[in-house]
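J.: The structure's right below; bear with me while I get my questions together.
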Amino acid sequence: MKSARIYGWLLALAALFFITGCDQLADWFGDDDDDNDDDKAPFRYLSDFDLGARLGAVDPYDGSLDLIDPLTLDRYSIPTSPGFSALALTPAGDLVAMLDGEANLVRIVDPVAGRVEGEIAIGEGVNALRVSPAGDYLLGFYDPSAGEVDFGDSGVINYYELDVIDLVALTARPILIDFSPSQVVFAPSGRQCLLGSDHRLVWLDLESGAKVTYPLTLDPTESREPRDIAISPDGSTALVLVNGTDDIFVLDLVNPTINILNLSGQAESVTFLPDSRVALLPVPDTGRLGIIDLDAAMPAEISLGETASRLRLNPDGTQVVLYREGGDQLIFYDPAMEEVSALPLNVLIESEEGRPSVAYSPDGRRILVVGQYGSGPSGKLDMDLVDLKKSIAFPIGLDASWIDYAFTPDSARVGVLLGERNKFIRLDLNSLQPVWWEIAAAARELHYLSELGIFAVQHHDRHGKITFIGDQGSDLYKIKRGFFDD
């Protein structure tokens, strides 16, 4: 009886070792059918860095920053921490800030040198990062939309503490305010920012920590959450659009005061012209464009002859295009001549998800319009390419939903990801000749590595997938548990 019991235990142990061994073998050989990591997040990608023509990816398994060379497929991994929860990239691409929400640290990574430059302790409530336009400061704060945070060792989290990190000195300064900001807008200099809440704004000096509060209502129970904020290029004034009112709040950021302006209806957005004190505000209810000159006594308006809710500036700010979702034309406004003109399209402009439905090429000579050719169930998804010199819109003929697009910096080509067909199209903008490639499923984003002349397609996949597309065609490479698979 005793020997039978021992024999049974031996069988159980043998079975356990067999199962464990099979799992280990699956890990060794990279079995793609292994579902043990289904709960893992997909790889998170960064665009190309300023000095290396490499694609950056954050490994969801160990939180390391992987730098991938599309030409050699060399992968350099910079270890950080599996507690990675958020990141921010400086505008120059020379530093990556990676938030470790478990250890309450921000690691500053130099992707070119391939090392962690410093570790900075931050508050337990931080779950979001923002970098200033100049790349000198990093703001860490609690963003309710970014998800909950764990109650740390203290058991209490101060959601109202911000951390201002000096990226040059690699030091942090805690700042206390009495709300969690729903909006963060930096001044053009990058040394100040506006923090928005449901009924007030705080102007924060990132160097000194000084704060100025601008109330948006006298009743703290009345919600007046900002829905759009624009700071003038000289940093002296902010224009704020607020939910629940048509009023336009004018904040003097030098001598703290608030003025109120009104247009013929509710403005949809506010945009300053480059290097000026003039802001443009489309008013879709009345089909007009509001013009606020900070040096003028009152705002002006101009009729567009068409309802328009969205606005885009060309690269040098000398031309403005306005449009609405579902519209069949573009409205152009010349700020210098104060003239309005219209250009008909072949497509109905699609609703915007992610990338804008209307975008200027980098040289400002063309506009890409994403829309639908024909209306109703028989309508087909398509794109128009608008030649601004000839004032004509050419249909591209995609007949498929789009996911993302990217222009080459020289404006010679545009790459487009197509959804249900799992295809990538590269369009020559001079000849309008397309080239197609089949790509793997679950494509999400498109980047262009300008130093190499290669498109990089990012796939939403827990094992990591990247498709590199160049002049010679496409190649798919996968990353699983930090290793490339053929």
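J.: Pick from the range 247-257 the residues that are over 28 Å from the mean Cα position of the chain (by Cα) and surrounded by 12 or more Cβ atoms within 10 Å (Cβ to Cβ): which of them is modelled with the highest pLDDT?
T.: Keep residues of the range 247-257 that are over 28 Å from the mean Cα position of the chain (by Cα), which gives 247, 252, 254-257.
Narrowing the set further to residues that are surrounded by 12 or more Cβ atoms within 10 Å (Cβ to Cβ) leaves 247, 252.
Values: Asp247: 95, Asp252: 98.
If we take residues in the range 247-257 being over 28 Å from the mean Cα position of the chain (by Cα) and surrounded by 12 or more Cβ atoms within 10 Å (Cβ to Cβ), then Asp252 is modelled with the highest pLDDT.
J.: Still on this structure, I have one more. Restrict the check to the range 258-266 and report whether at least one residue is under 27 Å from the mean Cα position of the chain (by Cα) and under 26 Å from Val320 (Cα atoms).
T.: Filtering the range 258-266 down to residues under 27 Å from the mean Cα position of the chain (by Cα) leaves 266.
Adding the requirement that they be under 26 Å from Val320 (Cα atoms) leaves 266.
Yes.
J.: Shifting gears a bit: Which members of the range 66-94 meet the condition of being aliphatic (A, V, I, L, M), surrounded by 15 or more Cβ atoms within 10 Å (Cβ to Cβ) and under 19 Å from the mean Cα position of the chain (by Cα)? Even if it seems obvious, please write down each step before you answer.
T.: We begin by selecting, within the range 66-94, every residue aliphatic (A, V, I, L, M); these are 67-68, 71, 73, 78, 86-89, 92.
Applying the additional criterion that residues be surrounded by 15 or more Cβ atoms within 10 Å (Cβ to Cβ) yields 67-68, 78, 86-89.
Across the range 66-94, the qualifying residues are Ala86, Leu87, Ala88, Leu89.
J.: Residue pairs, Cβ under 7 Å, 6 or more apart or interchain, first in the range 416-442 and more than 20 Å from Ser357 (Cα to Cα) and at pLDDT below 90, second among the acidic types (Asp, Glu) and not in a strand (DSSP E or B). List them.
T.: Ala442/Asp461
J.: Quick check on the range 353-364. Is at least one of its residues farther than 19 Å from Val435 by Cβ and without any contact (Cβ under 8 Å) to a residue 24 or more places away in the chain?
T.: Step one: of the range 353-364, the residues farther than 19 Å from Val435 by Cβ are 353-360, 362-364.
So of that shortlist, the ones also without any contact (Cβ under 8 Å) to a residue 24 or more places away in the chain come out as 353.
Yes, because at least one residue in the range 353-364 is farther than 19 Å from Val435 by Cβ and without any contact (Cβ under 8 Å) to a residue 24 or more places away in the chain.
J.: Are there any pairs, at least 6 apart or on different chains, whose C-beta atoms fall under 7 Å, with the first in the range 79-97 and farther than 15 Å from Val116 by Cβ and the second at pLDDT below 90 and assigned to a loop (DSSP other than H, G, I, E, B), and if so, which?
T.: Ser85/Gly101; Ser85/Asn127; Ala86/Asn127; Ala92/Asp50; Gly93/Phe49; Gly93/Asp50
J.: While we're here: How many residues does the range 392-410 hold that are closer than 10 Å to Tyr448 by Cβ and polar (S, T, N, Q)?
T.: 1
J.: Show me the strands (runs of 3 or more DSSP E) found entirely inside the range 290-391 where at least 1 residues are among the hydroxyl-bearing types (Ser, Thr, Tyr) and in contact with a strand residue (DSSP E or B) (Cβ under 8 Å, 6 or more places away or on another chain).
T.: 300-303, 320-323, 329-334, 339-344, 358-360, 366-373
J.: Another question about this same structure. Does the range 191-211 contain at least one residue that is hydroxyl-bearing (Ser, Thr, Tyr), at pLDDT below 95 and in contact with a Phe, Trp or Tyr (Cβ under 9 Å, 6 or more places away or on another chain)?
T.: yes
Per-residue answers, yes or no, for (1) hydroxyl-bearing (Ser, Thr, Tyr); (2) more than 15 Å from Met383 (Cα to Cα); (3) in contact (Cβ under 8 Å) with a residue 24 or more places away in the chain:
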| site | (1), (2), (3) |
| --- | --- |
| Leu313 | no, yes, yes |
| Asp316 | no, yes, yes |
| Gln319 | no, yes, yes |
| Arg324 | no, yes, yes |
| Val340 | no, yes, yes |
| Asn346 | no, no, yes |
| Ser351 | yes, no, yes |
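The values are calculated or read from the model by the stated rules, or taken from the named source; none is laboratory data. Quantities reported herein were computed from a predicted structural model and do not represent experimental measurements. Neighbour counts are summed over all protein chains in view; Cβ atoms, including those assigned to glycine, are modelled from backbone coordinates with ideal geometry.
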